[in-house]
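Single-structure report; data block below.
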Amino acid sequence: MKIVVLDGYTENPGDLSWDGLAALGELTVHDYTPDDPAEVVRRIGDAEAVYVNKVPVGRWVMEQCPNLSYIGVLATGCNIIGIEAAKERGITVTNIPGYSTPAVAQMTLALLMEVTCHVGHHDQAVKEGRWCSCRDFCFWDKPIVELAGKTMGIIGFGSIGRTVGRLARALGMTVLATGSRPCPEGEAIGTYVDLDTLLAQSDVISLHAPLFPSTHHIVNAENIAKMKDGVILLNTARGPLVDEQALADALNSGKVAAAGLDVVEHEPMLPNNPLLTAQNCVITPHIAWASVEARRRLMDIAVENLRQFQAGTPQNVVN
């Protein structure tokens with residue numbers, strides 16, 4: 001079997017090995033492939049299996065690559081793939097679920113700690129000499145917020161949301177959640193409520209919902225108005241869950257006290273994004289998923305997905 005990886009650099013910038021895939025066939029790895037269907041077709045060639053992260057593979061590409069029988073997405077979301085076209089052509093499409101849960105939950109907590117404790121800011125202040133010249137034994141110029149006794153509202157209470165809920169509970173927080181499928185595990189962590197109740201009662205709101213038409217811009221001006229004054233917003237899920245101008249306006253007015261974001265609507269981030277100049281907004285470049293441990297799990301699942309496909313027992317099939 002010929003196997004082509006079209007954009008492998010993000011998954012493996014050099015600290016992992018492709019040997020597991022190489023053991024399953026004749027492997028070609030491209031670090032990057034331009035978003036040009038003709039070039040995508042040229043690189044796939046007569047390969048039977050292709051792996052992609054962000055390179056679109058739509059109907060036309062599939063039609064030009066008649067040998068293609070397997071598409072492995074090196075991520076969870078599959079919106080870059082023409083799922084129906086693949087189904088019509090008998091092409092199996094798989095994804096990688098669940099690999100990043102501990103890493104994303106940890107980054108969510110890190111963002112929360114940064115916007116409540118301002119560790120980075122005060123570290124920089126110390127290194128600028130401000131502690132050395134201080135008349136007191138300590139100083140702070142941003143308020144330190146204690147989380148114990150406050151309420152964490154989690155929108156999207158799947159595996160990641162529940163893991164974040166457990167971390168919030170460990171900090172002494174009450175957990176409210178909204179999700180499409182309440183489950184006993186979730187009920188043991190928090191209380192399921194409707195969205196309006198969550199918005200009204202939460203001191204911290206953390207987004208972990210998938211991106212659907214129903215969740216697009218779920219954080220908008222109307223819903224922000226329903227939130228507590230001084231709420232904290234976290235987003236390590238999908239950028240388009242947030243109306244960025246509405247959030248920037250709320251940050252600048254003080255309605256939202258702070259935001260910790262790992263994702264934005266257009267990635268890489270556009271230089272005119274209003275959040276770049278918004279007050280009290282911490283932004284990281286979509287790295288919550290990227291611990292070496294999470295990427296190693298991703299690689300292992302990617303290899304096993306193809307191995308199971310070759311054995312006639314495909315797993316993690318999305319079409």
Legend entry - Mean accessible surface per residue for the chain, computed with a 1.4 Å probe while every protein chain stays in place, in Å²: 48
Inset, instruction - Using +1 at the Cβ of each Lys and Arg and -1 at the Cβ of each Asp and Glu in the range 174-319, identify which of P184, A311, V264 lies farthest towards the dipole's positive end. - result: A311
Legend entry - Most to least packed among 16-25, 55-64 [average Cβ atoms within 10 Å]: 55-64, 16-25
Legend entry - Accessible area in the full protein assembly, largest first, 1.4 Å probe, for D262, D196, D203: D196, D203, D262
Legend entry - Nearest 10 degrees, 0 to 90: helix 101-117 Cα axis against the chain principal axis: 20
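Please give the length that would be gained between D249 and A23 if that part of the chain were fully extended, namely 0.36 nm times their separation in residues minus their C-alpha to C-alpha distance (nm, one decimal). Can you show the working numbers first?
Details: separation 226, 0.36 × 226 = 81.36 nm, distance 5.26 nm.
Stretched out fully, the D249 to A23 stretch lengthens by 76.1 nm.
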Legend entry - Sequence-separation-based contact order of the range 1-140, relative, with Cα cut under 8 Å and 6+ spacing, percent: 18
Inset, instruction - Might you report the magnitude of the Cβ-based charge dipole of the chain about its Cα centre, with Lys and Arg at +1 and Asp and Glu at -1, to the nearest 20 debye? - result: 540
Inset, instruction - List the relative contact order of the chain as a percent without decimals, with contacts defined as Cα pairs under 8 Å and 6+ residues apart. - result: 16
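Okay, helix-only estimate at 222 nm for the chain: each DSSP H run of n ≥ 4 adds -39500 (n - 2.57), divide by all residues, round to 500 deg cm²/dmol; what do you get?
-10000 deg cm²/dmol
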Inset, instruction - Grab the Cα-Cα distance for E84 and W60, subtract it from 0.36 nm times how many residues apart they are, and report the gain in nm with one decimal. - result: 7.4 nm
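Calculate what fraction, in whole %, of the accessible area of the range 1-139 sits on carbon and sulfur atoms when a 1.4 Å probe is rolled over the protein chains.
On the way: 3510 of 6720 Å².
Carbon and sulfur atoms account for 52 percent of the accessible area of the range 1-139.
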Inset, instruction - Identify, among L247, L24, S202, the residue whose Cα sits farthest towards the positive end of the charge dipole of the chain, taking +1 on the Cβ of Lys and Arg and -1 on the Cβ of Asp and Glu, with the dipole about the Cα centre. - result: S202
Legend entry - Nitroxide proxy distance, nm - points 7 Å out along Cα→Cβ at D15 and E267: 1.7
Inset, instruction - Of the listed values (i) 21.4; (ii) 20.7; (iii) 25.0, grab the one calculated as Kirkwood radius over Cα pairs in Å from the structure here. - result: (i)
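Output needed for the range 157-270: three equivalent-ellipsoid semi-axes, defined as square roots of 5 times the C-alpha gyration tensor eigenvalues, in descending order, whole Å. Walk me through the intermediate numbers first.
Details: eigenvalues 100, 52, 34 Å².
Ellipsoid semi-axes (Å, largest first): 22, 16, 13.
Full extension from F137 to E187: what is 0.36 nm times the residue separation minus their Cα-Cα distance, to one decimal in nm?
Contour length minus the Cα-Cα distance gives 13.5 nm.
The values are calculated or read from the model by the stated rules, or taken from the named source; none is laboratory data. The structure displayed is predicted, hence computed values, not measured ones. Neighbour counts run over all protein chains shown; Cβ positions are idealised from the backbone, glycine included. Accessible surface areas use protein heavy atoms only, side chains included; no ligands, DNA or RNA. Shrake-Rupley method; radii C 1.70, N 1.55, O 1.52, S 1.80 Å.
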